[in-house]
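The values are calculated or read from the model by the stated rules, or taken from the named source; none is laboratory data. Quick caveat: nothing in here was measured; it's all calculated off a predicted structure. Ideal geometry is used to build each Cβ from the backbone, glycine not excepted, and the neighbour counts take in all protein chains shown.
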Amino acid sequence: MQLVIDIGNSKTKVGYFEGTNFLKKEEIDSLASFQKIFGKTPPKHIVIGKVGVDRAAVISWLQQKNVSFFWVDSMTRTPLKILYKSPHTLGVDRIAAAVGAWVTFLHKAVLVIDLGSCITYDLVTANGEYLGGAISPGIYLRYKAMSTFTANLPALKFDGFPPLIGRSTEECMQSGVVNGVLFEIEKMIEAYRKEIGDFEVILTGGDSNFFESKIKANIFVNQNLILEGLNTILLSNVSEI
């Protein structure tokens, strides 16, 4: 069995795999909680993708447990050819999601949209060339920016889809953020298709389910995409699973 650990900005997700087969997923809320993912028999392999925490602290903890692990970073070999101008700055979550999507669609061109703390757009060609894409503020960051950098706007949270025409300050803020994200996604898909041709679209990230039925384009949603991509990277780098 392999454990795949995705350490994000707000959550840490742990996926359990047997070879390529996804078994289950759970979320843990702190470094100390790592201990609960180990049973009486340690997994054969652990792969870690990190965005938001101190790498040294995680490595130190795992070394104390005498567990072997494989750490994915921007320089790790993947099935994709990275054409990014600054690969050393490319987030592990973006790499893993792109790998997972390309494998999911059996090596077709694909656009990955990850709706997390930031919204990321990542394009992969049918030949497995990672091109890059775009990064914009996610829903939470948009709400926080309005309440933080203005004197009179309240702090709000995403609470479902608002009316297009807001009839109060709160409704106007909700409409601006949520409908703005929706329109952004639809126009980005349209613009990318004009630029590079057709592709599959897959959404992932914490807010993706809310947009699945709202986006006009034909899309797929996979909340486990980053975990699956990290597992694929592990399998392509470790000979014995």
Point to revise | Candidates ILE185, ILE241, filtered to the one that is in contact with a helix residue (DSSP H, G or I) (Cβ under 9 Å, 6 or more places away or on another chain) and at pLDDT 95 or above | key: ILE185
Practice item. Only residues that are out of contact with any strand residue (DSSP E or B) (no Cβ under 9 Å at 6 or more places or on another chain) and either touching a residue at least 40 places away in the same chain (Cβ under 8 Å) or of a type in the set (Lys, Arg) (or both): list them for region 78-100, please. Key: PRO79
Study note, to complete from the structure: All-but-one check, ASP207 against (1) surrounded by 13 or more Cβ atoms within 10 Å (Cβ to Cβ); (2) closer than 26 Å to SER86 by Cβ, failing number (2)
Point to revise | Residue in region 102-110 that is of a type in the set (S, T, N, Q) and over 16 Å from ASN237 (Cβ atoms) present | key: yes
Exercise for review: Answer yes or no: is there a residue in region 65-77 that is hydroxyl-bearing (Ser, Thr, Tyr) and not in a loop (DSSP other than H, G, I, E, B).
Suggested key: no
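A quick yes/no check of all residues on (1) touching a Cys at 6+ places or on another chain (Cβ under 9 Å); (2) over 25 Å from ASP198 (Cα atoms); (3) crowded, with 17+ Cβ neighbours inside 10 Å:
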{"residue": "ASP122", "(1), (2), (3)": "no, no, yes"}
{"residue": "ALA126", "(1), (2), (3)": "no, no, no"}
{"residue": "GLY138", "(1), (2), (3)": "yes, yes, yes"}
{"residue": "THR150", "(1), (2), (3)": "no, yes, no"}
{"residue": "LEU153", "(1), (2), (3)": "no, yes, no"}
{"residue": "ASP159", "(1), (2), (3)": "no, yes, no"}
{"residue": "CYS172", "(1), (2), (3)": "no, yes, no"}
Check your understanding: Does region 101-111 contain at least one residue that is closer than 24 Å to GLY206 by Cα, touching a residue at least 24 places away in the same chain (Cβ under 8 Å), touching a Pro at 6+ places or on another chain (Cβ under 8 Å) and not in a helix (DSSP H, G or I)?
Key -> no
Point to revise | Residue satisfying all of: in region 76-101; within 18 Å of LEU234 (Cα to Cα) and hydroxyl-bearing (Ser, Thr, Tyr); surrounded by the fewest Cβ atoms within 10 Å (Cβ to Cβ) among these | key: THR76
Point to revise | Residues located in region 66-87, provided they are farther than 18 Å from VAL4 by Cα and either at pLDDT below 85 or not aliphatic (A, V, I, L, M) (or both) | key: LYS81, TYR84, LYS85, SER86, PRO87
Check your understanding: Would you say SER213 is at pLDDT 95 or above, over 30 Å from LYS81 (Cα atoms) and surrounded by fewer than 12 Cβ atoms within 10 Å (Cβ to Cβ)?
Key -> no
Revision key, fill the gap. Here, strands (runs of 3 or more DSSP E) confined to region 116-232 with at least 1 residues that are among the small types (Gly, Ala, Ser) are 129-137
**Study point:** Residue match in region 31-46 (condition: assigned to a loop (DSSP other than H, G, I, E, B), more than 19 Å from ASP122 (Cβ to Cβ), out of contact with any Pro (no Cβ under 6 Å at 6 or more places or on another chain) and at pLDDT 85 or above)
**Key:** no
